[in-house]
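Peer 1: Sharing a structure with you now.
The values are calculated or read from the model by the stated rules, or taken from the named source; none is laboratory data. Here the structure is a predicted model, which means the values were calculated and not measured. Neighbour counts run over all protein chains shown; Cβ positions are idealised from the backbone, glycine included.
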Amino acid sequence: MDALDGIGGAAGAWLIAALVLGIAELAVPGVFLVFLAIAAAVTGVAVYVLPDLPVAVQLGAFGVWSAVTVLIGKRWYRDYPVDGGDPMLNDRPARLVGQVVVVETAIVEGRGRVLVGDGSWPARGEDATVGARVRVAAVVDGEVVVEAL
């Protein structure tokens with residue numbers, strides 16, 4: 001804190017807020033608080049340079065800089081996407097395609113149910129008996145489309 005001793009109260013408060021937001025981003029990464037941290041830091045520097053800025057102007061500047069940094073970040077991540085380890089991580093239906101599952105309720109006239117992991121899904125496809133193993137070809141509207149192995 002010795003580095004902030006010479007900085008005015010409001011400017012120091014904004015810079016501390018920037019530091020806290022930056023640490024929070026590291027503790028709970030979500031790629032959002034970093035933009036608010038940058039906005040708080042810019043506001044802190046502005047208040048340091050212009051110490052007589054009214055609180056309303058400081059808050060307005062923080063709001064404007066927050067919007068600017070979020071828009072810049074949004075554009076950055078659109079132009080330079082972060083590759084994840086599993087592109088289907090949050091797309092459970094897509095992850096099911098290709099899996100071999102067991103028929104729970106016989107598929108008769110194209111309709112039945114299959115066991116997927118510890119759950120049961122409605123299924124459609126060629127007729128199959130209970131216990132038969134089938135492959136998931138697609139998931140359409142929450143219904144598993146299966147095909148014979």
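Peer 1: With the checklist (1) assigned by TED's automatic domain parsing to the domain that holds residue 134; (2) farther than 30 Å from residue 148 by Cα in hand, flag the one item residue 110 doesn't pass.
Peer 2: So the condition that residue 110 fails would be (2).
Peer 1: Restricting to segment 70-111, name every residue that is within 26 Å of residue 124 (Cβ to Cβ) and of a type in the set (A, V, I, L, M).
Peer 2: Once the filter is applied, which keeps residues that are within 26 Å of residue 124 (Cβ to Cβ) and of a type in the set (A, V, I, L, M), segment 70-111 yields 88, 94, 96, 97, 100, 101, 102, 103, 106, 107, 108.
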